[in-house]
Amino acid sequence: MVIGTGTISKSTINIQLSQKYAQLHALDQKASLEKTSQNKQDYIEVSGQQLDKNDYERVLAKFKSADSHIRAHEQNHAAHGTTTAPIQYNYQMGPDGKMYAVGGSVRLDTSIPDDPKAAQIKLDQIKRSANANNDPSGADIGISSEVNIMKARLQFEATKKA
């Protein structure tokens, strides 16, 4: 290497090369650390386990969605009927350690009055409550069917008396 009119000695070149190698090595180490930290960002540590961040987010979103859907479903039943107890929820712990509703039930007042007209009104109210949601559960369908049977029985008894 020639600078101006003088020459650089072999030992100076070796020192400069050593410095450049040291700089390149430092850059390699920095890049390696950045790559490792990026890989760590793709994982979340929960209870000592490393979980894939995308899976974690997907599962957490499912828990949150199910929780809000179940709460709305049960509250809709309660809003359309007379309840005898508070809404009961079944909970499961999500990946974030919080509890999410994964099921629920509403206890409706199903006592039937002796007066046939009042009984008809009460059965209609129970059926409205059971059918309050667009996505009825098996229990909702069962209650609706039972109400239909009870209404048919009431009509049969009314025609029998007449």
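The values are calculated or read from the model by the stated rules, or taken from the named source; none is laboratory data. The model shown is predicted, which means the values in this text are computed figures rather than measured ones. With ideal geometry, Cβ positions are generated from the backbone for all residues, glycine too; neighbour counts draw on all protein chains shown.
Data overview
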| quantity | calculated |
| --- | --- |
| From the options Pro113, Pro136, residue that is in a loop (DSSP other than H, G, I, E, B), in the same structural domain as Ser65 (by TED's automatic domain parsing) and over 26 Å from Phe63 (Cα atoms) | Pro113 |
| Test result for Gln92, touching a residue at least 24 places away in the same chain (Cβ under 8 Å) and closer than 25 Å to Lys62 by Cβ | yes |
| Residue among Leu154, Leu123 that is in a helix (DSSP H, G or I), surrounded by 17 or more Cβ atoms within 10 Å (Cβ to Cβ) and not basic (Lys, Arg) | Leu123 |
| Hits in the stretch 60-102 (condition: of a type outside the set (Asp, Glu), loosely packed, with under 15 Cβ neighbours inside 10 Å and farther than 26 Å from Pro136 by Cβ) | Met93, Gly97, Lys98 |
| Long-range neighbours under 8 Å by Cβ, at least six apart or interchain, first residue under 23 Å from Thr110 (Cβ atoms) within the stretch 53-78, second part of a helix (DSSP H, G or I) | His77/Ser129; His77/Ala130; His77/Asp140; Ala78/Ser129 |
| Residue match in the stretch 93-102 (condition: assigned to a strand (DSSP E or B) and either of a type in the set (S, T, N, Q) or not assigned by TED's automatic domain parsing to the domain that holds Arg58 (or both)) | no |
